[in-house]
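**Q** Shown below is the structure under consideration.
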Amino acid sequence: GFTASSLDVLNSEFMRGGALHFHGTQPGSVINQGTILTGPGGVTLIGGMVVNEGTIVSEGGNVSLIVGEDVTLTAAGTYVQADMETLVSGIS
């Protein structure tokens, strides 16, 4: 799956996995102008404004575009942080 957010989440929550509480009093925007393709994990975009000008496909997962300042994702799972080498190569 793939989650992108302009809100804050505590490092300890992220590292623990499970429910994540995203929050922020001045949330920015999340804008997709490309293609997001995932397997069964789904796609979640969270921000003060969320815009999809591209394509989002999740094979077997949900696609969620969430606008707000206080959001909790309760889906169980493991969260993996990509390293800089992976991000620089354009693979996520």
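Only the coordinates and a few stated rules stand behind these numbers; no lab work does. Quick caveat: nothing in here was measured; it's all calculated off a predicted structure. Here the Cβ is made from the backbone with ideal geometry for all residues, glycine too, and neighbour counts use every protein chain on show.
**Q** Short version: ³J(HN,Hα) in whole Hz for each residue of segment 38-53, in order, from phi by Karplus 6.51 cos²θ - 1.76 cosθ + 1.60 (θ = phi - 60°), x for Gly and Pro, what are they?
**A** Couplings: 10, x, x, x, x, 10, 9, 10, 10, x, x, 9, 10, 10, 10, 10 Hz.
**Q** In the neighborhood of residue 8, defined by Cβ-to-Cβ distances under 15 Å, what is the net charge if each Lys or Arg adds +1 and each Asp or Glu adds -1?
**A** -3
**Q** Still on this structure: Which three semi-axes in whole Å describe the equivalent ellipsoid of segment 1-69, each the square root of 5 times a Cα gyration tensor eigenvalue, listed largest first? Present the calculation step by step, with values, prior to reporting the outcome.
**A** On the way: eigenvalues 82, 56, 12 Å².
Here the semi-axes work out to 20, 17, 8 Å.
**Q** Give me, ordered by chain and number, the residues 5 or more places off residue 5 or on other chains with an amide H under 5 Å from its own placed amide H.
**A** Sorted by chain and number, the residues that satisfy this are 46.
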